[in-house]
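Asker: Pasting a structure here, questions to come.
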Amino acid sequence: MHDLVIRGGTLVDGTGTPARTGDLAIEAGRIAQAGGRAGAARREIDAEGLLVAPGWVDIHTHYDGQVTWDPYLTPSTWHGVTTVVMGNCGVGFAPALPDRHQWLIGLMEGVEDIPGTALAEGIRWEWESFPEYLDSVERMRRAIDVAAQVPHGAVRAYVMGERGARNEKATPDDVDSMARIVREAIAAGALGFSTSRTLLHRAIDGEPVPGTFAGEEELLGIGRALGARAVFELASDLAPEGAELAWMEKVSTETGCPVTFACLQNDFDPEQWRRLLHGAEQAARRGARVVPQVAGRPTGLLLGLSSTFHPLSDHPTYRNELAPLPLAERVKRMRDPELRRRLLSETPQHLAPIGGYIAQSFHKLFPLGDPPDYEPAPEQSIRARAEREGRAPLEVAYDLLLERDGRELLYFPLLNYAQGDFEPIREMLLHPQAVLGLSDGGAHCGIICDASMPTFLLTHWVRDRSRGARIPVEQAVRLQTGNTATVYGLSDRGTLEPGKKADVNVIDLDALRLHAPEMIFDLPARGRRLVQRVDGYRATVVSGEVTFEDGEATGARPGRLVRGRAQAGGG
Ligand SMILES: [Zn+2]
């Protein structure tokens, strides 16, 4: 007698082999049979006409804080994610000296736009060392498996104190101490080490993430502590590109570990991604694993009146008079013709360069719509609309922001949309050296909600795309299951094969539908975050237990901390 049989579905097993109809039998949390006809079970799910796939393995999230208070890690769990890897981009909360808590919160708040008040109220700080952090995460039973990487920012500040936090150069002793802490973290079960090398990532006080300017000795010194089984993850400005690729290759060659870096198309050098993919191919030929981490859609800034910023937020009247008001009051005031005239005539004072950039880029600012359209045609842009209507683009944006009682969101595809369509994304996704990531689940709460990327791979890439070629379902599934699990050494999951962990999604592909993202205020201290609902996940299974059914949590919490294989006996 099996524990669970998912009967008669279309199995897309995460290996890339063609879809086939058959049963999936589960016993003791593992897959007992995949395909054919399975015997009786204590529980059955009728999957006729439904897609049966492995649970998604999302390797790029920032749930490091949320994981300490929330067993559900929404919105990722709503979207069929059964394993998340956190601790990306050099930021996280361990190791942490007691007097560094507020500083680590400020680092996360600045880099990832997670409300500091929510982190301060939510995190209980039951740890100092990284192994203690893992133990603390392990104590909670969850609806999802979680795995962690040890972040450079926290390690550097822990070892070097203010010198580290202020990005002073590390001495050989500092490097040795950091390497020792990273080795200890990997031994305890961290899946990897992460760092940030981009000036876009700054703490709340404006300082770049500790480690941003780390030299080769520091990167290699830490890299050597990783061994062949961990992953080295980074976000980099990739300038100069050749030197960055060179040290990544060196780290991978010396240690055997994969080095994965965020690879996205930017507007200023829209062909760079091709050179980066080429660089990864060259490195592979020489035996190194330099892995471009690519996204399933643009990094989508969602600009609304409740967002971190929007096209009017840098206007003096908005900032000084309107911003402090509750949304309803703000909307009322903005509907006043006199105030509208005044606001629109003001010269904005941009605090961050991004504000000025958006103000000059109305050709890539779009109404997102419901259902959301992430690959809009050029004629849908605010600029095109303004030209048609003989109005200023900012006026058009102003009126759109007031729709749905001020809840409307404008879509600004910051990266991966330089040419106004998804062809570059498709090429990146299908590149043999690339791995899918960058959903940033749990992060950028006030401005981005790309945690739904796993769903989008099916709705847009497999089913709906009309502006270019689609991706076969077998490939789309493998991209976020077999492939992502392999890069992180999670060999016990990611495919529907006998013996593998029974993490499964049962999906009504025809009914799969992304809702428009919305701003809610449910973090600790009523912190805000963008979330996105979805219809069409009929069941999500973790370790053989049904955790979500038709979008509702069942209450089952089979999810655990996943420790890396570097630890003896680890899972
Ligand atoms: Zn990140």
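Asker: Go ahead and run the numbers for FRET between Thr486 and Glu281, Cβ-Cβ distance against an R0 of 25 Å, rounding to 0.05. Could the numbers behind the result be given before it?
Answerer: Values: r = 18 Å, r/R0 = 0.73.
Efficiency computed from Cβ-Cβ geometry: 0.85.
Asker: Shifting gears a bit: Largest first, how would Arg426, Arg7, Arg166 line up by accessible area (1.4 Å probe)? Mind dumping the intermediate values first?
Answerer: On the way: Arg426 55, Arg7 35, Arg166 105 Å².
Listed by decreasing accessible area, they come as Arg166, Arg426, Arg7.
Asker: Sticking with this one: In terms of the Cα gyration tensor, with a ≥ b ≥ c the square roots of its eigenvalues, is the range 154-298 rounded because a/c is under 1.5, prolate because a/b exceeds b/c, or oblate? The partial results should precede the final answer.
Answerer: Numbers: a/c = 1.91, a/b = 1.26, b/c = 1.52.
Oblate.
Asker: Which of rounded, prolate, oblate describes the range 468-571, given a ≥ b ≥ c as roots of the alpha-carbon gyration tensor eigenvalues and a/c under 1.5 marking rounded, otherwise prolate only if a/b is larger than b/c? Walk me through the numbers before you get to the answer.
Answerer: Values: a/c = 1.69, a/b = 1.23, b/c = 1.37.
Note, shape of the range 468-571 comes out oblate.
Asker: Given the range 357-444, what whole percent of its Cα pairs are spread farther than 20 Å? Display every interim value, and only then the final one.
Answerer: On the way: 1694 of 3828 pairs.
Of all Cα-Cα distances in the range 357-444, 44 percent exceed 20 Å.
Asker: With label points built 7 Å along Cα→Cβ from the Cα atoms of Arg513 and Arg20, find their separation and express it in nm.
Answerer: For the pair Arg513/Arg20, the computed spacing is 3.4 nm.
Asker: Out of all Cα-Cα pairs in the chain, roughly what percent, to the nearest whole number, are more than 30 Å apart? Write down the numbers at each step before the final one.
Answerer: Details: 81996 of 162735 pairs.
Roughly 50 percent, rounded to a whole number.
Asker: Something else now. So how do 126-134, 448-456 stack up, highest first, on mean other-Cβ count within 10 Å?
Answerer: Numbers: 126-134: 19.7, 448-456: 26.6.
Answer by packing, highest mean first, reads 448-456, 126-134.
Asker: Taking θ = phi - 60°, what integer Hz values does the Karplus form 6.51 cos²θ - 1.76 cosθ + 1.60 yield along the range 58-71, in sequence order, with x for Gly and Pro?
Answerer: 9, 8, 10, 10, 10, 8, 3, x, 3, 4, 7, 10, 10, x
Asker: For the range 522-530, in order, what is each residue's ³J(HN,Hα) by Karplus, 6.51 cos²θ - 1.76 cosθ + 1.60 with θ = phi - 60°, in whole Hz (x at glycine and Pro)?
Answerer: For the range 522-530, the Karplus-derived couplings read 10, 6, x, 6, 6, x, 8, 7, 7 Hz, x marking Gly and Pro.
Asker: Could you calculate the contour length gain from Asp522 to Glu403, that is, 0.36 nm times the residue separation minus the distance between their Cα atoms, to one decimal place in nm? Kindly include the intermediate steps, with their values, before the conclusion.
Answerer: Values: separation 119, 0.36 × 119 = 42.84 nm, distance 2.31 nm.
So the chain would gain 40.5 nm between Asp522 and Glu403.
Asker: Now for a different question. Quick one: order Ser543, Ser491 from most to least accessible surface, probe 1.4 Å.
Answerer: Values: Ser543 35, Ser491 70 Å².
Order by accessible area, largest first: Ser491, Ser543.
Asker: Between Arg533 and Glu217, take the C-beta separation as r, use R0 = 56 Å, and let me know the FRET efficiency to the nearest 0.05. If you can, show how the numbers build up before the last one.
Answerer: On the way: r = 48 Å, r/R0 = 0.85.
For Arg533 and Glu217, the calculated efficiency is 0.70.
Asker: Can you list which of the trypsin sites (Lys or Arg not before Pro) found in the range 430-535 are DSSP loop residues with at most 13 other C-beta atoms within 10 Å? Present the calculation step by step, with values, prior to reporting the outcome.
Answerer: Values: sites: Arg463, Arg465, Arg467, Arg470, Arg478, Arg493, Lys500, Lys501, Arg513, Arg526, Arg528, Arg529, Arg533; in loops: Arg465, Arg467, Arg470, Arg493, Lys500, Arg533.
For trypsin sites (Lys or Arg not before Pro) across the range 430-535 that sit outside H, G, I, E and B with at most 13 neighbouring Cβ atoms in 10 Å, the list reads Arg467.
Asker: Reachable lysines from Lys501, Cα under 28 Å, same-chain residues fewer than 8 places away excluded?
Answerer: Result set, ordered by chain and number: empty.
Asker: Sticking with this one: Order these peptides, 188-198, 373-383, by their mean beta-carbon neighbour count within 10 angstrom, highest first.
Answerer: On the way: 188-198: 26.8, 373-383: 17.5.
Most protected by this proxy first, the peptides run 188-198, 373-383.
Asker: Once amide H atoms are built 1.01 Å from N in the peptide plane, which residues 5 or more positions from Glu44, or in another chain, come under 5 Å H to H?
Answerer: Val5
Asker: Still on this structure, I have one more. What's the extension gain from Leu97 to Ala392 if we count 0.36 nm per residue and subtract their Cα-Cα distance? Don't skip to the answer; put the middle values down first.
Answerer: Details: separation 295, 0.36 × 295 = 106.20 nm, distance 5.22 nm.
Net length gain for the segment: 101.0 nm.
Asker: Note down the accessible area of Ile354, probe 1.4 Å, to the nearest 10 Å².
Answerer: We get 50 Å² for Ile354.
Asker: Filter the chain for me: DSSP H helices, axial length by Cα at least 18 angstrom, mean Kyte-Doolittle hydropathy not below 0.0. List them by residue number.
Answerer: Working: long enough: 172-188 (24 Å, 0.06); 241-255 (21 Å, -0.53); 272-285 (20 Å, -1.11).
Passing helices, by number: 172-188.
Asker: In the range 225-243, which residues have a backbone nitrogen under 18 Å from the label point lying 7 Å from Phe268's Cα in the Cα-to-Cβ direction?
Answerer: Of the residues in the range 225-243, 235-243 have backbone N under 18 Å from the label point off Phe268.
Asker: Another question about this same structure. When only DSSP loop residues count, what GluC sites (Glu not before Pro) in the range 280-362 have their Cβ near at most 16 other Cβ atoms within 10 Å? Provide the component values of the computation, followed by the final result.
Answerer: Details: sites: Glu281, Glu321, Glu329, Glu338, Glu346; in loops: Glu346.
Passing both the DSSP loop test and the Cβ count: Glu346.
Asker: Right, here's the next one. Name the lysines eligible as straight-distance cross-link partners of Lys250: C-alpha to C-alpha under 29 Å, and not fewer than 8 places from it in the same chain.
Answerer: The qualifying lysines are Lys169.
Asker: Of the GluC sites (Glu not before Pro) in the range 9-99, which ones lie in a loop per DSSP and count no more than 15 other C-beta atoms within 10 Å?
Answerer: On the way: sites: Glu27, Glu44, Glu48; in loops: Glu48.
Answer by residue number: Glu48.
Asker: Just the number, please: carbon plus sulfur as a percent of the accessible area of the range 403-453, 1.4 Å probe, no ligands or DNA/RNA counted. Write down the numbers at each step before the final one.
Answerer: Details: 650 of 1450 Å².
The value for the range 403-453 is 45 percent carbon and sulfur by accessible area.
Asker: Cross-link partners among aspartates and glutamates for Lys500, C-alpha distance below 16 Å, same-chain residues fewer than 8 apart left out?
Answerer: Asp3, Asp13, Asp23, Glu27, Asp145, Asp492, Glu545
Asker: I want the antiparallel fraction of DSSP beta bridges within the chain, as a percent rounded to 5. Working shown, then result.
Answerer: Working: 41 of 75 bridges.
DSSP beta bridges in the chain are roughly 55 percent antiparallel.
The values are calculated or read from the model by the stated rules, or taken from the named source; none is laboratory data. Just so you know, these numbers come straight off a predicted model, no measurement behind them. Using ideal geometry, Cβ is built from the backbone for each residue, glycine included, and neighbour counts are taken over all protein chains shown. Accessible surface is based on the protein model in full, side chains and every heavy atom, while ligands, DNA and RNA are left aside. Shrake-Rupley method; radii C 1.70, N 1.55, O 1.52, S 1.80 Å.
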